[in-house]
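Undergrad: Have a look at this one before I ask anything.
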Amino acid sequence: MLRIIAALLFTFTLAAQSAMELRFCLRADPKTFNPLLVEDEPSETIRYLTAGVLVRLNRYTQELEGELASKWKVTENGRRIDFHLRPNVSFSDGTPFTCEDVAYTIRQLMDPALHSPTGDAFRSAPGTVESKCTGSSSVMARFPGPVAALAAQFDQVGILSARSAHKESAVLGPFMLGEYKAGSYVLLRRNPNYWKHDANGKRLPYLDAIRLEIQQNRELELLRFRRNQLDIVNKLDPEMYDRLAAEMPKSVIDAGPSLDWEVVFFNQVATSPLPDYKRHWFRSDEFRRAISEAINREDICRVVYRGHARPAIGPASVSNHFWLNASLKPTAYSVSAALARLQRDGFHRSGEALVDRDGHKVEFSMITNAGNKLHERTLALIQQDLAKLGIQLNVVVLDFPSLIERISRSFNYESVLMAITNVDLDPNGQMNIWMSSADNQRLGRRSSTN
């Protein structure tokens, strides 16, 4: 299910000359401050605000723009990339930024011992990566095999310092970590050495600090916004959006479709602790297509999302101008077609229940993250839809860390409904979801749940 609503609420006015602190919420504690180990949305937010990258994908124009690299060139059929670096740039602690930092970061990124989720998009073939300086302000990287959209993959590679004693705390982005109190807040302070300036030559950023309050309860988040204790609320639930649009219409903006999407998937990992017969179900194309046909997406859009969503055609959002195939149509809802497909796959009704060819009752669980009312309501509708086929769906709600642990490490689950947080236009950034070797990669980098 493609989420169509991405709202921003504002209670402040930015002024370049004013000392300011911006306040908004994270839905959970960040799991890491190392930009190469990001696999969750809170950590992704902090990486975006603190890490310096070689290139940045402009989400509005959907074009690549130079950041720490003033220019770049991809050669050898996508295996090699050369960067020319900006001069006179320093990390937040004053350590000079050099080509050695880029080479060091790329080696860390591809180190099997670190197993960086960010590095998964670069692992297109077995072998080692070569990275070295080719001049005082230039560096190259050569990968074992061609990497799709190679330059764009560096949009999420935060550059580390090879020499700073502060390690990943030395950053090249507009803000740096100031304080962190688990379960309470993350305070980011202005990076005094940030390299960008505005048109008048004033050093950016204008803000002195960003306070990220950790608050999972969205009702409390909205209450704090009303009390002017927060400046922005991002990704409102449809019900909250409609409520705020009626109460405070000038403070609400519908920013249109995001790149994120809602998805149901089944556990097909060979080493998972599932019975063989269930793994056989989940690996069957006919079974999965039947489940898809049995889910009434229009009802979910109307009832759960209050008309602020539309059935997804696939993982490419309508806002993804490059990859969307507008000629495709969403899967049509049809209980009869789903039953016919299941019968062709050896399933049949036994009384009120659906059973497989060996007589196993078709019953499985679907997990989702706690505190997400949209997911809980969606699962209630899916549960009703599948009951029409004779399938018993058991809903299991887990806290966020437990859900991530199950789907990416222990593989102790049967199916899952989750929101995929996507910040990349190219599907190569989600190799850890789409590739059949996904059990060898970690969920993360542009593909985390929220």
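Undergrad: Whole angstrom only: what separates the Cα centroid of the range 45-65 from the Cα centroid of the range 261-324?
TA: 29 Å
Undergrad: What does the extension gain come out to for LEU114 and GLU352, with contour length at 0.36 nm per residue minus their alpha carbon separation?
TA: The LEU114-GLU352 span can extend by a further 80.7 nm.
Undergrad: Right, something else. Short version: ³J(HN,Hα) in whole Hz for each residue of the range 140-148, in order, from phi by Karplus 6.51 cos²θ - 1.76 cosθ + 1.60 (θ = phi - 60°), x for Gly and Pro, what are they?
TA: Each residue's phi maps through the Karplus curve to give 10, 9, 10, 9, x, x, x, 10, 4 Hz.
Undergrad: OK, next. Given R₀ = 41 Å, what would the calculated FRET efficiency be for THR271 paired with ARG306, taking r from the Cβ atoms and rounding to 0.05?
TA: Efficiency, rounded to the nearest 0.05: 0.50.
Undergrad: Need the full-extension length gain, ASN58 to GLN392, defined as separation in residues times 0.36 nm minus the C-alpha distance. One decimal, nm.
TA: 115.8 nm
Undergrad: Starting from the range 133-232, pick out the trypsin sites (Lys or Arg not before Pro) whose DSSP state is loop and whose Cβ has at most 16 other Cβ atoms within 10 Å.
TA: Those satisfying the criteria are ARG163, LYS196, LYS202, ARG227.
Undergrad: I've got another one for you. Through the Karplus equation 6.51 cos²θ - 1.76 cosθ + 1.60, θ set to phi - 60°, convert the phi angles of the range 51-56 into ³J(HN,Hα) values in whole Hz; use x for Gly and Pro.
TA: Those phi angles translate into 7, x, 10, 6, 9, 10 Hz.
Undergrad: Output the antiparallel fraction of DSSP beta bridges having both residues in the chain, as a percent to the nearest 5.
TA: 75 percent
Undergrad: Determine, for each peptide in 111-120, 87-96, the mean count of other beta carbons within 10 angstrom over its residues, then list the peptides with the highest first.
TA: Ranking, from highest mean packing down: 111-120, 87-96.
Undergrad: Considering amide H positions built from the backbone, and no H for Pro or chain starts, which residues 5 or more places from PHE97, or on another chain, come under 5 Å of its amide H?
TA: VAL89, SER90, PHE91
Undergrad: Continuing with this model, one more query. Taking 0.36 nm per residue of separation and subtracting the Cα-Cα distance, what length does fully extending CYS133 through LYS361 add?
TA: Value of the extension gain: 76.0 nm.
Undergrad: Here's another thing I want to ask about it. Given contacts defined as C-alpha pairs under 8 Å and at least six residues apart, what's the relative contact order of the range 261-440, whole-number percent?
TA: 29 percent
Undergrad: Let me ask something additional. Tally Lys/Arg at +1 and Asp/Glu at -1 over every other residue whose Cβ is under 12 Å from the Cβ of SER161; what's the total?
TA: Surrounding charge for SER161 is -2.
Undergrad: Per-residue ellipticity at 222 nm for the chain, helices alone: DSSP H runs ≥ 4 residues times -39500 (n - 2.57), over residue total, nearest 500 deg cm²/dmol?
TA: It lands at -6000 deg cm²/dmol.
Undergrad: Give me a comma-separated list of calculated 3J(HN,Hα) values for the range 399-406, in order, Karplus coefficients 6.51, -1.76, 1.60 applied at θ = phi - 60°, integers in Hz, x for any Gly or Pro.
TA: Couplings: 5, 4, x, 5, 5, 4, 4, 6 Hz.
Undergrad: Which chymotrypsin sites (Phe, Trp or Tyr not before Pro) from the range 329-420 combine a DSSP loop assignment with at most 10 other Cβ atoms within 10 Å?
TA: When the chymotrypsin sites (Phe, Trp or Tyr not before Pro) of the range 329-420 are filtered for loop state and at most 10 Cβ neighbours within 10 Å, nothing remains.
Undergrad: Related question: Can you pull the one-decimal nm distance between simple spin-label points at SER292 and SER70, each 7 Å off the Cα toward Cβ?
TA: Each label point is offset 7 Å from its Cα along the Cβ direction, giving 4.8 nm.
A short reminder: the numbers here are calculations on the coordinates, not readings from a lab. Since we're looking at a predicted model, the values are computed, not measured. For neighbour counting, all protein chains shown are included, and Cβ atoms are generated from backbone atoms with ideal geometry for every residue, glycine included.
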